[in-house]
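To start, the structure under review is shown below, and the notes come after it.
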Amino acid sequence: MAKEPKLSLIPLGGLGEIGKNMMAVRLGENILIIDCGLMFPEEEMLGIDIVIPDITYLLDNRESVLGIVLTHGHEDHIGALPYVLRHLNVPVYGTKLTLGLLQGKLKEQNVLGEALLHTVKPRDIVQIGPFKVEFIRVSHSIPDAIAVALHTPMGVVFHTGDFKFDLTPVDGQVTDFHRLAQLGEKGVLVLLSDSTNAEKPGYTMSERVVGNTFDENFRQATERIIITTFASNVHRLQQAIQTAEKHGRKVAVVGRSMVNVITVANELGYMDIPDGLLIDLDEANKMPRNKIVILTTGSQGEPMSALTRMAFSDHRQVDIMPGDTIIISATPIPGNEKLVARIIDQLFKQGARVIYETASEIHVSGHPNQEELKLMLNLVRPKFFVPVHGEYRMLIKHAELAKDVGIQPENIFVAENGQVLEFSRRSGRMTGRVTAGRVLVDGLGVGDVGSIVLKDRKLLSQDGILIVVLTIDHATGEVVAGPDIVSRGFVYVRESEQLLEEAKARVKSALEKCSEKGVSEWSSIKSQVRDALSKFLYEKTRRRPMVLPIIMEI
């Protein structure tokens, strides 16, 4: 009898963090990837634009990688593809809207020409190598979201993607409960399920609730209405447009990402926009203010976004005026709370009426709360369970819910990125580790900024830099010119002349010591200068600027 191939799950992103979701499923020598997302930088990642998964493991096994399956079109599930496909050009499978949004990203980065994109729809089954891949409809905060069932000789691996159980979705496309229950009836080997809201009790409210809240706020608004939400939340944008039409208002869209999403979703038939309802911002500015709705980006308080620029009177075409109603229809991503609070304060200062999440039902999550997570576990009834998509505490909470619904504790695996989980029909275990981590993207550089560069940036941002320039005679070792001191971000030069004069004196005495000891090696001289100066500056100021000696020879 032929030996059964090994089945392994290898998370390369999305565990112990929110974002950069990526899961590799390995069967024998074949690897299939589910999702390929990015993450936005944390506060200490100075100057970094985005963070993507480290795909060293996939590049080392590039012959084995059969394709990438996408669950939906959010950045944290498709955003890394323009970078990954450059090095690993494999077929990509996704629904119509997901691939529509992806094409825009690939085009921007000049990767579209080479890409092999395959459109699938719910209930389709595609054979990819030894994997029979089935796509199952789920609700989320973007249309065309799917869960993925991989039928393998060991059993079914079921990945929920991001989901919620919305029984009254805006587009009428309800989660395929019937198919989930059928799979559970047949038997599922491993369930991988979304843990983002695992700490929140109860059920997530339906997206329709937001539509009702919009209606109420539109009725009360006497002047212009400005709505900000996640650019990719197509259902939310659709409800805003419908409510605007109902109240006889025209809609202008501001912000590149939102314009892109609305264009793609409308072209592919995922939005219903009445003719003549969308107008240019210039046209909107000429109309009566109580006939206008502006949809804009900036729900996370991003410094360069349209809403932030409006709040600080820095936007070319839109000034906030007293009487404007601003609806912030989003919740701050962990870490962005301060930015969002600052924008809300600023908008209030401009005389606007601001409606935001803590004060009203103006946002609902696209992720399942605890009762829905239990329902998914009960429908699918897996033998083994791996919580995914969430910070570590969320994964732990989700694991506890799984125990509550009767899954054996030894069959629940709370893993970290890079850990290999191996399954047979009867057993599961954590085996080894593979390389997994973060690759930082800064401008056009991918992965060229590491921890040393970030440490330097942090140092520069905290205490500044001091550059010492000297010219030394090659033959005699005498100082011909200098030392000159240039300071940036350390002290204000005009008010600190005495300190800098003393610093020069310290540099001279360090150089004299070097010549007395006969030290002529440049690196030693630099190091002596740096040490003497750092010690002196710390004694005088209790600060540690970066000291950079530059020695020139003539």
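The values are calculated or read from the model by the stated rules, or taken from the named source; none is laboratory data. Since we're looking at a predicted model, the values are computed, not measured. Neighbour counts run over all protein chains shown; Cβ positions are idealised from the backbone, glycine included.
Numbers for the structure displayed
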quantity	calculated
Every residue from the stretch 414-444 that is of a type in the set (A, V, I, L, M) and either outside the structural domain of Phe385 (by TED's automatic domain parsing) or assigned to a loop (DSSP other than H, G, I, E, B) (or both)	Val414, Ala415, Val434, Ala436, Leu444
Qualifying residue in the stretch 274-289 (condition: within 16 Å of Asn233 (Cβ to Cβ), in contact with a strand residue (DSSP E or B) (Cβ under 9 Å, 6 or more places away or on another chain) and in a helix (DSSP H, G or I))	no
Near pairs, Cβ below 9 angstrom, 6+ apart or cross-chain, from the stretch 101-115 (in contact (Cβ under 8 Å) with a residue 24 or more places away in the chain) to any residue that is among the charged types (D, E, K, R)	Lys105/Glu75; Leu106/Glu114; Gln109/Arg86; Val111/Arg86; Val111/Lys105; Glu114/Arg86
In the stretch 390-413, the residues that are touching a helix residue (DSSP H, G or I) at 6+ places or on another chain (Cβ under 6 Å) and either surrounded by fewer than 19 Cβ atoms within 10 Å (Cβ to Cβ) or assigned to a strand (DSSP E or B) (or both)	Lys403, Val405, Pro409, Ile412
Some residue of the stretch 207-216 being more than 30 Å from Glu391 (Cβ to Cβ) and in contact with a Gly (Cβ under 8 Å, 6 or more places away or on another chain)	no
Every residue from the stretch 530-554 that is without any contact (Cβ under 8 Å) to a residue 60 or more places away in the chain and either in contact with a strand residue (DSSP E or B) (Cβ under 9 Å, 6 or more places away or on another chain) or closer than 12 Å to Ile467 by Cβ (or both)	Arg530, Asp531, Ser534
Residue match in the stretch 44-59 (condition: among the polar types (S, T, N, Q) and within 21 Å of Asn260 (Cβ to Cβ))	no
Residue, modelled with the highest pLDDT, within the stretch 128-143, restricted to residues that are among the hydrophobic types (A, V, I, L, M, F, W, C) and closer than 18 Å to Thr204 by Cα	Val138
Residues satisfying the stated conditions in the stretch 23-48, i.e. crowded, with 22+ Cβ neighbours inside 10 Å and in a loop (DSSP other than H, G, I, E, B)	Asp35, Cys36, Gly37, Leu38
Residue list for the stretch 396-437, restricted to those being within 18 Å of Ser8 (Cβ to Cβ) and of a type in the set (Val, Ile, Thr)	Ile412, Val414, Val420, Thr431, Val434, Thr435
Search result, residues across the stretch 54-106 that are out of contact with any strand residue (DSSP E or B) (no Cβ under 8 Å at 6 or more places or on another chain), part of a helix (DSSP H, G or I), over 21 Å from Leu15 (Cα atoms) and not hydroxyl-bearing (Ser, Thr, Tyr)	Asp60, Arg62, Glu63, Pro82, Arg86, His87, Leu97, Gly100, Leu101, Gly104, Lys105, Leu106
Single match in Ile146, Ile125 (criterion: in the same structural domain as Glu372 (by TED's automatic domain parsing), buried (at least 24 other Cβ atoms within 10 Å of the Cβ) and modelled with pLDDT of 95 or more)	Ile146
Gly276 being out of contact with any His (no Cβ under 9 Å at 6 or more places or on another chain), surrounded by 15 or more Cβ atoms within 10 Å (Cβ to Cβ) and small (Gly, Ala, Ser)	no
Strands (runs of 3 or more DSSP E) contained entirely in the stretch 303-389, each with at least 1 residues that are charged (D, E, K, R) and buried (at least 17 other Cβ atoms within 10 Å of the Cβ)	353-355, 382-388
Conditions (1) out of contact with any Leu (no Cβ under 9 Å at 6 or more places or on another chain); (2) touching a residue at least 12 places away in the same chain (Cβ under 8 Å); (3) not in a helix (DSSP H, G or I): number failed by Leu189	(1)
Qualifying residue in the stretch 327-334 (condition: more than 19 Å from the chain's Cα centre (by Cα) and within 18 Å of Lys200 (Cβ to Cβ))	no
Residue match in the stretch 400-409 (condition: within 22 Å of Leu150 (Cα to Cα) and over 25 Å from the mean Cα position of the chain (by Cα))	yes
Selection from the stretch 437-460 of residues that are at pLDDT 75 or above and closer than 20 Å to Asn21 by Cα	Gly437, Arg438, Val439, Leu440, Val441
Hits in the stretch 205-234 - residues which are more than 17 Å from Ile328 (Cβ to Cβ) and crowded, with 20+ Cβ neighbours inside 10 Å	Val234
Any hit, the stretch 510-521, residues being modelled with pLDDT of 80 or more and loosely packed, with under 11 Cβ neighbours inside 10 Å	no
Any chance Gly161 is assigned to a helix (DSSP H, G or I) and out of contact with any Lys or Arg (no Cβ under 6 Å at 6 or more places or on another chain)	no
Hey, Val51 over 24 Å from Ile146 (Cα atoms) and outside any loop (DSSP other than H, G, I, E, B) or not	yes
Breaking point among (1) more than 30 Å from Glu216 (Cα to Cα); (2) touching a helix residue (DSSP H, G or I) at 6+ places or on another chain (Cβ under 6 Å), for His363	(1)
Condition met for Ile48 (on the phi < 0 side of the Ramachandran plot, modelled with pLDDT under 90 and touching a helix residue (DSSP H, G or I) at 6+ places or on another chain (Cβ under 7 Å))	no
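For (1) closer than 17 Å to Ser141 by Cα; (2) not in a loop (DSSP other than H, G, I, E, B), each residue gets a yes or a no:
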| position | (1), (2) |
| --- | --- |
| Lys200 | no, no |
| Phe214 | yes, yes |
| Thr222 | no, no |
| Ile226 | no, yes |
| Ser232 | yes, no |
| Leu237 | yes, yes |
| Ala244 | no, yes |
| Ala252 | no, yes |
| Asn266 | yes, yes |
